[in-house]
Amino acid sequence: MNKLTISLTIFAMALTGCGDDDRPGDIVIPDSGTTDMGPVGTDMGGTDSGSGPRMCEEGLPNLVELNMDPMAMGMLLPRCEAGTVDCINDCTDTACQTACLEADTTPGVDIGGGQVLNCETCFNVQFNACLFDACPSEGTALLCCAEDNGCGNDLGCAACSAENSTFGDCAMPAASGCFTPDYLQACFAM
């Protein structure tokens, strides 16, 4: 299972309802999306080669760290216009916030394999990385449960309901602290 793909899908079930009223800093944090970019090449998190730690034990990617990779040449961030923050802050619900992210006109970056890193994807990857960093053991347990039970990217599978609940309990309070330069702010041209 691919880490960037996991990052794009993992928290949709665990954090349903998260962020509708959270206002850290100058931006409302909408729910993490379920954008699935499919398999990602080794330059963006790779696939499990069968050696070393299991993929589920390696955490989720943080685009700030990936952007510093010399191969990325600083081209990954930012992925959203500064005005998108204003749009999001004018919203009263998650659907509106998601529409703001989707309407952002910052060109996406082709990261290989037919995958494009755009504003919405950047936001989701960074939000997920923040939550995973706040709850690493709970996140790892959820990722490994999904892997062990053949859930693929469907981390809301019944076999992992306990792990999903435990992760959600840990991650919900952490969500309001995710708008930092290391996470969500990195997506926006500010």
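Of all residues in region 101-116, those that are at negative phi have Cβ atoms under 7 Å from Cβ atoms of residues that are charged (D, E, K, R) and in a loop (DSSP other than H, G, I, E, B), 6 or more apart or on another chain, in 104/81; 105/81; 106/79; 106/81. Against the test of being surrounded by 14 or more Cβ atoms within 10 Å (Cβ to Cβ) and over 14 Å from the mean Cα position of the chain (by Cα), the options 97, 126 yield a single qualifying residue, 97. Of all the residues in region 162-190, those that are in contact with a helix residue (DSSP H, G or I) (Cβ under 6 Å, 6 or more places away or on another chain) and without any contact (Cβ under 8 Å) to a residue 60 or more places away in the chain number 4. If you check 86, 93, 104 for being over 23 Å from residue 182 (Cβ atoms) and among the charged types (D, E, K, R), only one passes: 93.
Bear in mind these aren't lab numbers, they're just calculated from the coordinates by the rules spelled out. Bear in mind the structure is a predicted one, so any value in this text is a computation, not a measurement. Using ideal geometry, Cβ is built from the backbone for each residue, glycine included, and neighbour counts are taken over all protein chains shown.
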